[in-house]
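Okay, so here's the structure we're looking at.
Read-outs: derived from the displayed coordinates by stated rules, not from any lab. Keep in mind that what you see is a predicted model, and the values were worked out from it rather than measured. Don't worry about glycine lacking a Cβ; one is built from the backbone with ideal geometry, like all the others, and counts go over all protein chains shown.
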Amino acid sequence: MSDSTSEPALFERVVFIELPHLASPVPAGLFSLDIDTGVGRFSYGRRYLERPEAIALDPVNLPLSGQEYLTRKNHGIFGILGDLLPDSWGKYLLAKRLDIPFGSLAPHEMFDYVTSNAVGAISLGPSPDKPNTKVETPVPFGDLSQVADVFARAMTDEELPAEVHYLLEQGTSLGGAQPKCPVIYEKGEWIAKFANRQTPIKFPRLECAAMAMARKAGITVPETRLAEVSGQAVYLIKRFDRRDNRRIPFMSAHALLNLDLEELEKGSYVGIATQMRKFVKNIDRDLHELYRRMVFNVFIGNQDDHLRNHGFIWDDDGWRLSPLYDVLPIPARRSTTPFSLALNIGDAGTTATLDNLYSRHQAFNLNRDQATQIIAEVADTTANWEQALTDFQVDKADREAVRWSFEGFRTLSAYGG
């Protein structure tokens, strides 16, 4: 008598992408996941490969070819598909909406809750006919007060009535840890980021001020605004992965570096720069800007500069570094030792020192004098940080909470300290 064996649990979805100048998403390939072994596979469809306008979903890890790609990293989910999934805030709202314990959904189980408001241009479906990713319209700006109220109530144990559950959906389509949702503003698609009533720091004003400083420091920054909703400041940032109501291909640096969750300590600016050489069309421009962003994060104490907070977009005829996003000073206490960024800076790892900033400047196609010039420009822009925050009405308590974020590097490196 032969042993009977059960078929392995298999999760399969056709991956669609919106391409420039085409009216609707087209099937690009098939993703399958063996749930028992955690092995994910992806292969492009023959018809997609024959398209002259075809774009690789991930030009480094999933280049256009007829081969089958395989991964065991991140529960068998390729990084470019992982970019679609919600982060901590979205997972929390999804669990709240489904009335299930937080964290009880496996990553692949969240794919069918992804909506068209997710980052980039990818959607999914069970067949090549069309994606079943829910088409979700961003909320009108006039409805933000209701969204803010529902989000605030969602952070408590209060049971929410079914008629407001649709508002929770708006928070599950984006990454990040803070309350946010897509919004229609000035006839375009933006993201609204709310204050978190469970944290003492009011981040909207702080983030808007930081982005304004970044723009003055020569960094590419999307349009940003501050608005008042129900008496509270809301930070608005225009989506750079949307253009004329179309979704633009996007890839995070997390997807690019193809690191597993247990390998994230290997993430580095030099690693991003090395991979960029393989696919970015204007490499000098973007490497120089990546270095400038690293320097800026050091000068403002942004210790949340992880791989998902760096990305790339498809710009008509090639990939480029995306505009800046999710950058703000992280509150810090005065210390006698240098702080660390999330990503490795140079030879001394994540440590924010002047020597470490200089240690690998060649990896960004910069000579010493060019690196010195960038550091000086960023230092000059951020020197008057307190007035810059005051201009955005950041209150005194919040300014004091981030004082060492701005002054720590200058003081310990003796750079104008």
Take every Cα pair under 8 Å in the chain that's 6+ residues apart, average their separations, divide by the length, and report that relative contact order as a whole percent. 13 percent
Compute the longest continuous run of the chain that contains no exposed trypsin sites (Lys or Arg not before Pro); treat a site as exposed when its DSSP state is not H, G, I, E or B and it has at most 10 other Cβ atoms within 10 Å. 1-186
Nearest-ten-degree value, helix 283-300 long axis tilted from longest Cα axis of the chain: 60 degrees
What nm value, rounded to one decimal, do you get for the distance between Asp355 and Asp260 when each label is placed 7 Å out toward the C-beta? 3.4 nm
Please list, or write none, the aspartates and glutamates whose alpha carbon is within less than 15 Å of the alpha carbon of Lys91, excluding same-chain residues fewer than 8 places away. Asp83, Asp99, Glu109, Asp112, Glu169
Each residue of segment 134-143 in turn: what ³J(HN,Hα) in whole Hz from Karplus with 6.51, -1.76, 1.60 and θ = phi - 60°, glycine and Pro shown as x? 5, 7, 10, 8, x, 6, x, 4, x, 8
May I ask which residue of Phe250, Phe240, Ala28 lies farthest towards the positive end of the charge dipole of the chain, with charges of +1 (Lys, Arg) and -1 (Asp, Glu) on Cβ and the Cα centre as origin? Phe240
Going through segment 29-126, which GluC sites (Glu not before Pro) have at most 14 other Cβ atoms within 10 Å and a DSSP loop state? Glu53, Glu68
Tell me, what is the Rg over Rh of segment 187-328, with Rh the Kirkwood radius over Cα pairs? 0.97
What's the Cα-based Rg to Rh of segment 259-412, Rh via Kirkwood? 0.97
Simple label model, 7 Å out from Cα along Cβ direction - Ala397 to Ile100, nm: 3.8 nm
Compute the long axis of helix 203-216 from its Cα atoms, compare it with the longest principal axis of the Cα atoms of the chain, and write down the angle in degrees, 0 to 90, nearest 10. 70 degrees
Rounding to the nearest 20 debye, state how big the charge dipole of segment 238-324 is about its Cα centre with +1 on each Lys and Arg Cβ and -1 on each Asp and Glu Cβ. 400 debye
tail above 20 Å in the computed P(r) of segment 331-393, as % of all Cα-Cα pairs, reads 43 percent
Given +1 on the Cβ of Lys and Arg, -1 on the Cβ of Asp and Glu, and no further charges, what dipole in debye does segment 50-144 carry about its Cα centre, rounded to the nearest 20? 240 debye
Phi-based couplings in Hz for segment 98-104 (Karplus 6.51, -1.76, 1.60; Gly and Pro marked x): 8, 6, 10, x, 4, x, 7
In the structure displayed, which of Lys134/Lys193; Lys134/Lys216; Lys96/Lys187; Lys134/Lys278 lie more than 29 Å apart, Cα to Cα? Lys134/Lys216; Lys96/Lys187; Lys134/Lys278
Can you list the aspartates and glutamates whose alpha carbon sits under 14 Å from that of Lys202, skipping same-chain ones fewer than 8 residues off? Glu228, Asp395, Asp398, Glu400
Could you work out Rg/(2.2 N^0.38 Å) for the chain, with Rg from alpha carbons only? 1.01
Selection from Thr133, Ile122, Asn356 lying farthest towards where the dipole of the chain points positive, charges on Cβ: Asn356
Using a/c under 1.5 as the rounded threshold, could you call segment 1-93 rounded, prolate or oblate? The axes a ≥ b ≥ c are square roots of the C-alpha gyration tensor eigenvalues, and prolate needs a/b larger than b/c, oblate otherwise. oblate
Would you compute, from DSSP H runs of 4+ residues alone, the mean residue ellipticity of the chain at 222 nm, taking -39500 (n - 2.57) per run and dividing by the full residue count, rounded to the nearest 500? -8500 deg cm²/dmol
Pairs of alpha-carbon atoms within less than 8 angstrom and 6+ residues apart define the contacts here; what relative contact order does segment 10-125 have, in percent? 26 percent
Charges only on Cβ, +1 for Lys and Arg, -1 for Asp and Glu: so what's the dipole of the chain about the Cα centre, in debye to the nearest 20? 900 debye
Hey, what angle do you get for helix 144-154 against the long axis of the chain, alpha-carbon based, 0 to 90 degrees rounded to 10? 80 degrees
Length gained when the stretch Thr336-Leu22 is fully extended (0.36 nm per residue, less Cα-Cα span): 107.4 nm
